[in-house]
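No value in this document is a laboratory result; all are computed from the given coordinates. Bear in mind the structure is a predicted one, so any value in this text is a computation, not a measurement. Glycine gets a Cβ as well: all are built from the backbone with ideal geometry, and neighbour counts include every protein chain shown.
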Amino acid sequence: MKVPYFDIRAHYNGISKDLEKAFKTVLSGQRIILGPHLRQFEAQYADFSGTKYCVGVGSGLDAITLSLDAVGITRGDEVIVPSNAYIAALDAVSRLGATPVFVEPKEATYNIDPDLIEQAITKKTKAIIPVHFFGQACEMDPILSVSKKYKLNIVEDNAQSHGSTYKGKKTGSFGKANATSFYPTKNIGALGEAGAVTTNSKMIFNKISMLRNYGEKSKYENELIGYNSRLDELQAAFLLVKLKNIKQWTKKRVKIARLYSEGLKNIGDIKLPVTEKDVTNVFHIYPIRTKYRDSLQKYLFNKDIITSVHYPKPPYLQKAYSHLGYKKGSYPIAENLSSTSLSLPIYPEMKDVQVEYVIKSLIKFFFKQ
Ligand SMILES: *Cc1c(COP(=O)(O)O)cnc(C)c1O
């Protein structure tokens, strides 16, 4: 039996009629950029996120960059990011001339540890980027209270947790400007590059709407130094199809996660993902931890089970960030997660027999240890 990490063919086959219809509708329309499908998607994604506004942009990285720009992050500022962040958050901060400052995650949830934020704040700190990892919301109450105390902006990185909630409130609705990605393999994915910013602030909405389109206030009136980062009509039309299905897909992911968690209880040294009590997890990724990670990954590969590692190297150890001067050992929790985490296949089209095969193979591996 073959178990891919993500089955993009099965995913598209399930909705191919709707995707073809969406394509034809755009093809027969008059607008390709900033048209009716984008407006409709923005309205529906804002509604999905429980925010007043949404602005579609070109990618998740652009969504973070434009959000930071819109809240005023500039040269010399410091922005707090988790030490296990995906590189995009660091790149966005750095492109604005600001410096990322790291805070360790909680090992059990991979999400930023709110208790460690305060000690990382300096006079230069201007914002915090909580990254909602793997499908579960960060603990927002303590993050919001520290941000209030020091007057810091929150810019969520919600690329992996579309629809997750903290105390009943959706991710992407807590910060001043919140970024998400619709990269094809995300829970809501385009058929190319796409992202969005969600916000409750009219001012931020107006600013991002201008920034993504050369800073234009109206045609050929450029009020801000802009970007070109417009979510196109075709991707918006595809995303409308995806959005229609997201509830049902999330249910499947949650079901697979439950099967894994039941089947892998007390197996070897496996540590299963933990979901905090105030949070709903949409399981973009199902990570387990074991000190045998590398040999387990090879063993599963030889059984046609494809796994992944999110992420093999912490961002502050990447060559691109060597100028910051961090070394191995700077953030032990992030490094421990990098060397022990293994992401098991999880996607809505995954069959129960495939889940069972993965579980059985894991049990066999640990039986031999
Ligand atoms: C995918 C991802 C991004 C970047 O999104 P792109 O659309 O690829 O630019 C940013 N942050 C996290 C946590 C992601 O998973």
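Data overview
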quantity	calculated
Cα-centre dipole for segment 1-96 with unit charges at Cβ (Lys and Arg positive, Asp and Glu negative), debye to 20	460
Whole-Hz couplings from phi, Karplus 6.51/-1.76/1.60, listed for segment 193-208; x for Gly and Pro	8, 6, x, 7, 10, 10, 7, 9, 9, 4, 4, 5, 4, 4, 5, 5
For segment 276-339, diffusion coefficient by Stokes-Einstein and Kirkwood Rh (Cα), 10 °C, 1.306 mPa s, µm²/s	112
Alpha-carbon Rg with Dmax, taken over segment 1-54, Å	15.5, 47
Extended-chain gain in nm, criterion 0.36 nm per residue less alpha-carbon gap, residue 313 and residue 15	103.7 nm
Sorted by Cβ density within 10 Å, fewest first, the residues 33, 306, 204	33, 306, 204
J(HN,Hα) series, segment 70-79, from Karplus relation 6.51 cos²θ - 1.76 cosθ + 1.60, nearest Hz, glycine and proline x	5, 7, x, 5, 8, 3, x, 6, 10, 10
Residue exposure sequence - 219, 186 - by fewest surrounding Cβ within 10 Å	219, 186
Calculated from backbone phi, Karplus (6.51, -1.76, 1.60) coupling profile of segment 336-351 in Hz, x at Gly/Pro	5, 4, 4, 8, 10, 7, 9, 9, 7, x, 8, 7, x, 8, 5, 8
Cut-off 10 Å between beta-carbons: net charge of the residues surrounding residue 66, Lys and Arg +1, Asp and Glu -1	0
Distance between segment 268-332 and segment 334-354 - C-alpha centres, whole angstrom	9
Where Rh is the Kirkwood radius over Cα pairs, Rg/Rh for the chain	0.97
Listed residues 300, 89, 152: farthest to the positive end of the dipole of the chain (Cβ charges)	300
Packing-based exposure ordering (other Cβ within 10 Å, fewest first) of 225, 333, 128, 346	225, 333, 346, 128
